[in-house]
Structures are given as structure tokens and as C-alpha cells.
Amino acid sequence: MGPIVIVADFIGSGNRVWEMLEAFRAIATFRSWRSYHLIKFFVVAYSGTEEGIRVVQSSGLRPTVLTVAGCPTIAGAFRGAVRDAVYQLCRTYPAGHSQPLGYGHSGALIAFEHGVPNNAPPILHSDRKNWRPLFRRRSTVEANADFPPTNAEEIADRAEQMLRVQNAQRFLADARGRRWIHTMLVLAAIDGGARTAAAISAQTRLHLPTVREILAFTQLARWTKSTHTLTKLGRAELQRLRKRRARTPVLPKPSKPFYYPSQLRAR
């Protein structure tokens, strides 16, 4: 027997996938096969909210959940007074909506080429009471031309926003420059409060495998701890970046790349 794989584009509240798994669990044969480790259940999706993934994982079938990228949400993308203002805006427009943060109160800030999930705030897709949303009736057809073919442009934007690095796209084209920017984005996300690989992925727009690889590297370099918090060395590295940023950003280039150790040695 082989694995049973449930494929979805997005895990929002997680309720639908959880119900599907529980339907399998209601059948005695599947429970028996699962108890004898004859079958395993996998849920594969491009992205999902952390809360939704936890709901799916709570199924008695104990599925393995695999995603490519973390999902940005209002709760994670904004902080303090700005986040409160965004919440208020979602409650105001469109007026009188029963789920101003989307289904399951997820507040998901994600859209796909084929549409917007119902976990996104209605302010983005509902035309209730003559409101003019960005994605009318959850369709992204009119916005398809604005979607980049890859997430490289998104990462460049995040580098400019989070690190104040100008012309980031040019440096992302080079392997050494890309590695440096990705690493600094991860450190900046951790410094901003992200504590899981999914949350870091959502903030940086880096795919989860890349985030996990960088987290492993930064732990070896003793820039981060296993709890995904910065060490004294990690804070010093970010501080060096900020000092450079205050003048003119110094970025790696082929003629003068930054040094990356190939191995760590005990003193």
C-alpha cells in the first residue's frame, strides 16, 4: 500500500481538509491500516495559514502537511497601531460584512493566478454595497498581467522595504548577492518577531525550503538559536547592515564578494 495524498492550493481555516481526513478516519478499514502503519496521509498545498495547518495536523490520522511558502496574514504582516488601523479598515469596508477578515477570521493576504481564497478579507474581493475591490468576486483575471512569473520581484521589494537595499533585483541575479540578501531578510524577519519558518517565509516571500536552509546555516554560524531568535552575533550582523544602510548600502559583487565560511572551527 502507498500513501494517500490530499492536494490543495491553500489551507485557510483548515476545516475543509480536516473534515476530509475525518471522513477517511470514520472508515474502520482506514483506521486499521493507519494503526498498522500500512498507509500514511499527506496534505500537500502551496501555502497555508499557521492556524489552519495546526487544525489539519490535529486530525486523528496524524497527516504530514507539506507547503511551499508561508502565508502572510494581517496579524503577521503588520504591527501595533498600523495593524489596528488595517483591522478597522477591513471592518469598515465593505460595510456590514459578517466576516470582515475572511472565512475563519484568517485575514489571509494571498492571491493566486486562478483566484483569491475566501480566507482573504472581503475588502479585497467583495463588491457588497457598491464597494470596488481589487479582485472582484475573488477573480484575479483582470490583475493577471500584474502577477510576476516568479517571486523574484516580490523578494526584491521585500529587500528594499525590510533592508533598505536599493537595486536589489540586480544583486539577486548573482548567486553570492542573492545568498546574502536572503540571509539578511531572514535575520530581519526574526528581529521583527517571526518565530517559525512559515512566519519568516510569509514576511520575506522566500520559499520554505530556502528559509529552512538559511535557518540551519545561521544556527551553525551562531547567528540564531533553535528557537528562531537572534543571538548576540546575529544582532551584531544586523547592526552592521544598518550602519552600512545609513550611509550607502554595501552589497556583494563578483569583483568583491562577501566571505562565507565553508566550515566552522572551534577556537
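Just a few scattered comments:
- Filter result for residue 194 (outside any helix (DSSP H, G or I) and buried (at least 20 other Cβ atoms within 10 Å of the Cβ)): yes
- Of residues in the stretch 198-227 being in contact (Cβ under 8 Å) with a residue 24 or more places away in the chain and of a type in the set (Ser, Thr, Tyr), the one nearest to residue 156 (Cα to Cα): 204
- Residues of the stretch 29-47 that are of a type outside the set (A, V, I, L, M), without any contact (Cβ under 8 Å) to a residue 60 or more places away in the chain and touching a strand residue (DSSP E or B) at 6+ places or on another chain (Cβ under 9 Å): 30, 34, 40, 41, 42.
- Residue count, the stretch 7-34 (criterion: more than 25 Å from residue 99 (Cβ to Cβ), outside any helix (DSSP H, G or I) and β-branched (Val, Ile, Thr)): 2
- Any chance residue 188 is modelled with pLDDT of 90 or more and of a type in the set (Gly, Ala, Ser): yes
- For the stretch 35-134, no helices (runs of 4 or more DSSP H) sit wholly inside it while including 3 or more residues that are surrounded by 21 or more Cβ atoms within 10 Å (Cβ to Cβ) and in the same structural domain as residue 190 (by TED's automatic domain parsing).
- Residues that are within 22 Å of residue 115 (Cα to Cα) and without any contact (Cβ under 8 Å) to a residue 40 or more places away in the chain within the stretch 9-19 comprise 16, 17, listed in sequence order.
- The set of residues from the stretch 207-236 being closer than 10 Å to residue 183 by Cβ and in a loop (DSSP other than H, G, I, E, B) comprises 221, 223.
- Qualifying residue in the stretch 251-260 (condition: under 23 Å from the mean Cα position of the chain (by Cα) and at pLDDT below 90): no
The values are calculated or read from the model by the stated rules, or taken from the named source; none is laboratory data. Note that the coordinates shown come from a computational prediction; the quantities given were computed from them, not determined experimentally. No Cβ is skipped: glycine too gets one built from the backbone with ideal geometry, and neighbour counts run over all protein chains shown.
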